[in-house]
Amino acid sequence: MSNELSGKKALITGASRGIGRATAIRLAKSGAEVAINFVSNETAARDVASEIIAAGGKAILIKADVSEETDVQQMFSVLQERWGNLDILISNAASGGFRPLMAATPRNFDAAMHTNVRAFMLLVQSAMPMLLKSTGNRKVVALSSHGSHRALNDYALIGASKAAIESLCRHMALEFGPKGINFNCLLAGLVLTDSTRGITDVELAHHESNARMLIGEGRVLQPTDVADVIHFLVSSSSDLIQGQVITVDGGMSLRL
Ligand SMILES: NC(=O)c1ccc[n+]([C@@H]2O[C@H](COP(=O)([O-])OP(=O)(O)OC[C@H]3O[C@@H](n4cnc5c(N)ncnc54)[C@H](OP(=O)(O)O)[C@@H]3O)[C@@H](O)[C@H]2O)c1
């Protein structure tokens, strides 16, 4: 276990599975005390906490639906009581469903925007007093995807929400950067997780996406690859990276 993030307190939303899970484990390995947020899958969240604690780290669980304002407020009341301050916020939880636009209802639209975009704003607003109580570098990272600026099949609602997240992130950097907080987005390429397993022929798409990477043969983009770069974005090595979207896809998207 390295101690680069020793003494830091980090909240990761949607940390029971996928990229959030890998991130919680990565930050805890580096010495951070982590809060594992989940919405329904308590068993999976407990597994993450157990893995961290078994490796000598510190983890707490917090159930909260990030699309609900009262849940977000309650989550920060718990954190305020347990920790008092916060150094790192990872806005990772997302939903939206994959469907063609003609099948999308206003309810689907609201669900994607509430869970992905509105939650990011609510999380930052609620976290701000605790972030401002911390000293040293404080970091906020939100997850984005290629759908923010490219067109992907059945991805309109999530893609639009990711574009909004990236814009919010830049405006947060403008508004809160001078207070000593870094805001950046991590744009991940296709990773096999529970959410992407719902995409038709995703294994083939993942294989093709990996084959298009510009980093030599044999690498497969994994949640841990994304978590490693999130670790960099919350470490002091990235203090001068502000308001940016950092792509982690092995250069795959550079090809036409
Ligand atoms: N996978 C990819 O290829 C990929 C690519 C680019 C970007 N991303 C982004 O990376 C992030 C993580 O994606 P993933 O594929 O790792 O997802 P995932 O494996 O499906 O996990 C989703 C996580 O979010 C939680 N969650 C869902 N709705 C929530 C809500 N309303 N409140 C609180 N937690 C909620 C889930 O909790 P429960 O377990 O309790 O349900 C779970 O921990 C997302 O922002 C996604 O858009 C993913």
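Observations, loosely collected:
- Counted residue by residue at 0.36 nm each, then reduced by the alpha carbon distance between them, the extension gain from Arg212 to Thr105 reaches 35.1 nm.
- Relative contact order of segment 33-122: 26 percent, from C-alpha pairs under 8 Å at least 6 residues apart in sequence.
- Sequence-distant residues sharing a close amide H with Val248 (under 5 Å, placed H): Leu187, Ala188, Gly189
- Once divided by 2.2 N^0.38 Å, the Cα radius of gyration of segment 79-195 becomes 1.14.
- The local environment of Val202, defined by Cβ-Cβ distances under 12 Å, has a net charge of -4 under the rule Lys, Arg +1 and Asp, Glu -1.
- Accessible surface ranking that places the most exposed of Glu208, Glu175 first, with a 1.4 angstrom probe: Glu175, Glu208
- Taking all Cα-Cα distances within segment 41-84, those exceeding 16 Å account for 49%.
- Near His114: Cβ cut-off under 10 Å, other residues only, Lys/Arg at +1 and Asp/Glu at -1. The net charge is -3.
- Probing with 1.4 Å while keeping every protein chain in the model, the per residue accessible area of the chain equals 48 Å².
- log10 of Debye I(q)/I(0), alpha-carbon scatterers only, for segment 25-98 at 0.26 Å⁻¹: -1.37
- C-alpha long axis of helix 18-29 to longest principal axis of the chain, angle in °: 30
- Estimated D of the chain in µm² per second, where Rh is the Kirkwood radius over Cα pairs and Stokes-Einstein applies at 10 °C, 1.306 mPa s: 87
- Angle in degrees between helix 119-133 and the longest Cα principal axis of the chain, rounded to the nearest 10: 30
- A convex hull fitted around the alpha carbon atoms of segment 127-256 yields 124 Å³ per residue.
- Length-normalised contact order for segment 45-95 - Cα pairs under 8 Å, 6+ apart - percent: 20
- Each Lys or Arg adds one and each Asp or Glu subtracts one; over the other residues with Cβ under 15 Å from the Cβ of Ala163, this totals +3.
- For the chain, averaging the sequence separation of C-alpha pairs within contact (under 8 Å, six or more residues apart) and dividing by the residue count gives a relative contact order of 18 percent.
- Across the alpha-carbon atoms of segment 1-142, the computed radius of gyration and Dmax are 15.3, 50 angstrom.
- Rounded to whole numbers, the Karplus 3J(HN,Hα) couplings from phi for segment 63-74 are 7, 6, 8, 5, 7, 10, 4, 5, 4, 5, 4, 5 Hz, using 6.51 cos²θ - 1.76 cosθ + 1.60 with θ = phi - 60°, and x at Gly and Pro.
- Area accessible to solvent at Asp110, 1.4 Å probe radius, in Å²: 80
- A simple spin-label model places pseudo-atoms 7 Å from Cα toward Cβ; at Glu51 and Gln125 they are separated by 3.4 nm.
- Segment 113-154: C-alpha gyration tensor shape, a/c 1.5 cut-off, then a/b vs b/c: oblate
- Comparing Val226, Val202, Val234 in a Gaussian network model of the chain where C-alpha atoms under 10 Å apart are linked, the largest mean-square fluctuation is found at Val202.
- Long-range HN-HN contacts of Ala142 with modeled amide H, under 5 Å: Ser91, Asn184, Cys185, Leu186
- Taking the Cα centre of the chain as origin and assigning +1 to Lys and Arg Cβ atoms and -1 to Asp and Glu Cβ atoms, the resulting dipole is close to 360 debye.
- If the chain linking Ser167 and Glu203 were pulled fully straight, counting 0.36 nm for each residue of separation and taking away their Cα-Cα distance, it would gain 9.9 nm.
- In order along segment 158-171, the phi-based Karplus estimate (6.51 cos²θ - 1.76 cosθ + 1.60, θ = phi - 60°) of 3J(HN,Hα) comes to 5, x, 5, 5, 5, 4, 5, 4, 5, 5, 4, 4, 5, 5 Hz; Gly and Pro are listed as x.
- Spin-label model, Asp228/Thr135: points 7 Å from Cα along the beta carbon direction are separated by 3.4 nm.
- Relative to the longest principal axis of the Cα atoms of the chain, the long axis of helix 223-234 makes an angle of roughly 50 degrees.
The values are calculated or read from the model by the stated rules, or taken from the named source; none is laboratory data. None of the values given here were measured: they were computed from a predicted structure. Here the Cβ is made from the backbone with ideal geometry for all residues, glycine too, and neighbour counts use every protein chain on show. All accessible areas refer to the heavy atoms of the entire protein, side chains included, with ligands and DNA or RNA removed. Shrake-Rupley method; radii C 1.70, N 1.55, O 1.52, S 1.80 Å.
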